[in-house]
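Student: Sharing a structure, written as structure tokens. Questions coming.
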């Protein structure tokens, strides 16, 4: 069976000459994009040249053999009627099983055919567009790196854009754009650790005793803890916990593309908060998380006023909730641990003194405005 090799030289500028030392590639056993090498025992073969794109007759190439004793021994150049046409694409790996939270890199190979119906390939195609048929089960990035999200089966699709060449004889070739795609099934499984504890999920989410605290400068600090439904918090290793805060008519599930315009005054102009705001608390096996609320736009220990003067009385409210998801018992769907918790931020005046106040879960902290 003939061996195929793609050198992968990429782009060559107009008028530029590029030389490829095939004897050196064979002697050094240099691999191509698929890891193929030219066998050391190979002493004959065919070199094919082609280009990508909708332009014809942009490449002239030949094969030259050099004799160290006599100089140039032979030179050959045969013209193809048309550039090669990509006939199919293969997504690698072709069928895969991954675990929730596991990543897997995908790539594409393409197969081509010249105008004499000779087939070549596979060659690495590094310009594919990627799509997941069900992003709730697995997602895939522009680079082809896929993530297992929840248990189930879906497919990863890779597509490349190429030119098809139609040969009508007499050296006439007609190009046409074409998108070539293929699918690779992927199954997402429960991680082995979670398989041992499929019914464990977080429950009894609550504020830890002794909290919240008020370390100063308008900071209100909470710590939370929870239990496992089976009594062993370590069994929640594969579960996640997060907080989600909404300010308008958004939901925790929608993309974070909205910005809530904070009232100005009393706050500075053009001040906004990403809506919804989501922060991950990591693995639920950590059994606690903290939540720190500060004066808007400040850093702890170094408050910087974010208010317009003259001050104006006003307030706004964020609706916060805590959620969990576990890969094996709730389909990796974010599920509420708490009802909505109102976070109320108020600027008010009493006896000529202006104060910022934050109130949450029945506790408040205040900061005197300068």
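Student: With respect to residue 29, is the statement that it is at pLDDT 70 or above and closer than 30 Å to residue 167 by Cα true?
Tutor: No, not satisfied.
Student: Within segment 286-299, take every residue that is under 30 Å from residue 234 (Cα atoms) and surrounded by 18 or more Cβ atoms within 10 Å (Cβ to Cβ) and give me the one that is modelled with the lowest pLDDT.
Tutor: Result: 293.
Student: If I ask for residues that are buried (at least 18 other Cβ atoms within 10 Å of the Cβ) and in a loop (DSSP other than H, G, I, E, B), which ones from segment 205-243 would you list?
Tutor: Within segment 205-243, 212, 218, 238, 239 meet the criteria.
Student: Could you please give the count of residues in segment 228-243 that are touching a strand residue (DSSP E or B) at 6+ places or on another chain (Cβ under 9 Å) and within 10 Å of residue 201 (Cβ to Cβ)?
Tutor: Residues in segment 228-243 being touching a strand residue (DSSP E or B) at 6+ places or on another chain (Cβ under 9 Å) and within 10 Å of residue 201 (Cβ to Cβ): 5 in total.
Student: Follow-up question, since we're still on this one. Could you tell me whether residue 241 is in contact (Cβ under 8 Å) with a residue 24 or more places away in the chain and farther than 24 Å from residue 364 by Cβ?
Tutor: Criteria met by residue 241.
Student: Here are some conditions: (1) crowded, with 18+ Cβ neighbours inside 10 Å; (2) closer than 20 Å to residue 201 by Cβ; (3) modelled with pLDDT of 85 or more. Residue 246 meets all but one. Which one does it not meet?
Tutor: (2)
Student: So is residue 205 within 29 Å of residue 356 (Cβ to Cβ) and in contact with a strand residue (DSSP E or B) (Cβ under 9 Å, 6 or more places away or on another chain) or not?
Tutor: So residue 205 passes the test.
Student: Just the residues that are surrounded by fewer than 14 Cβ atoms within 10 Å (Cβ to Cβ), under 23 Å from residue 268 (Cβ atoms) and touching a strand residue (DSSP E or B) at 6+ places or on another chain (Cβ under 8 Å), please, taken from segment 323-363.
Tutor: Of everything in segment 323-363, those that are surrounded by fewer than 14 Cβ atoms within 10 Å (Cβ to Cβ), under 23 Å from residue 268 (Cβ atoms) and touching a strand residue (DSSP E or B) at 6+ places or on another chain (Cβ under 8 Å) turn out to be 344, 349, 353.
Student: Tell me yes or no: at least one residue of segment 166-180 is assigned to a loop (DSSP other than H, G, I, E, B), crowded, with 19+ Cβ neighbours inside 10 Å and either modelled with pLDDT under 95 or within 33 Å of the chain's Cα centre (by Cα) (or both).
Tutor: Within segment 166-180, not a single residue is assigned to a loop (DSSP other than H, G, I, E, B), crowded, with 19+ Cβ neighbours inside 10 Å and either modelled with pLDDT under 95 or within 33 Å of the chain's Cα centre (by Cα) (or both).
Student: Check whether at least one residue in segment 300-322 is under 18 Å from residue 220 (Cβ atoms), surrounded by fewer than 15 Cβ atoms within 10 Å (Cβ to Cβ), at pLDDT 90 or above and under 31 Å from the mean Cα position of the chain (by Cα), and report yes or no.
Tutor: The answer is no, given that none of the residues of segment 300-322 is under 18 Å from residue 220 (Cβ atoms), surrounded by fewer than 15 Cβ atoms within 10 Å (Cβ to Cβ), at pLDDT 90 or above and under 31 Å from the mean Cα position of the chain (by Cα).
Student: Are any residues in segment 109-135 surrounded by fewer than 16 Cβ atoms within 10 Å (Cβ to Cβ), at pLDDT 90 or above and not in a loop (DSSP other than H, G, I, E, B), and if so, which ones?
Tutor: Scanning segment 109-135 gives 129, 131.
Student: Let me ask another. Within segment 143-163, is even one residue within 25 Å of residue 53 (Cα to Cα), more than 34 Å from the chain's Cα centre (by Cα) and touching a residue at least 60 places away in the same chain (Cβ under 8 Å)?
Tutor: no
Student: Tell me which residues, restricted to segment 22-45, are part of a loop (DSSP other than H, G, I, E, B), free of Cβ contacts under 8 Å to residues at least 12 places away in the same chain and more than 39 Å from the chain's Cα centre (by Cα).
Tutor: Selection gives 41, 43, 44.
Student: Given the structure, is residue 199 surrounded by fewer than 19 Cβ atoms within 10 Å (Cβ to Cβ) and out of contact with any strand residue (DSSP E or B) (no Cβ under 9 Å at 6 or more places or on another chain)?
Tutor: Spelling it out, residue 199 is indeed surrounded by fewer than 19 Cβ atoms within 10 Å (Cβ to Cβ) and out of contact with any strand residue (DSSP E or B) (no Cβ under 9 Å at 6 or more places or on another chain).
Student: OK, next. Would it be correct to say that residue 106 is crowded, with 18+ Cβ neighbours inside 10 Å, within 30 Å of residue 283 (Cα to Cα) and touching a strand residue (DSSP E or B) at 6+ places or on another chain (Cβ under 8 Å)?
Tutor: So residue 106 passes the test.
Student: So, residue 267, is that one surrounded by 13 or more Cβ atoms within 10 Å (Cβ to Cβ) and over 30 Å from residue 99 (Cα atoms) or not?
Tutor: Yes.
The values are calculated or read from the model by the stated rules, or taken from the named source; none is laboratory data. Note that this is a predicted model, so its numbers are computed, not measured. Please note: Cβ atoms are built from the backbone with ideal geometry, for glycine as well, and neighbour counts cover all protein chains shown.
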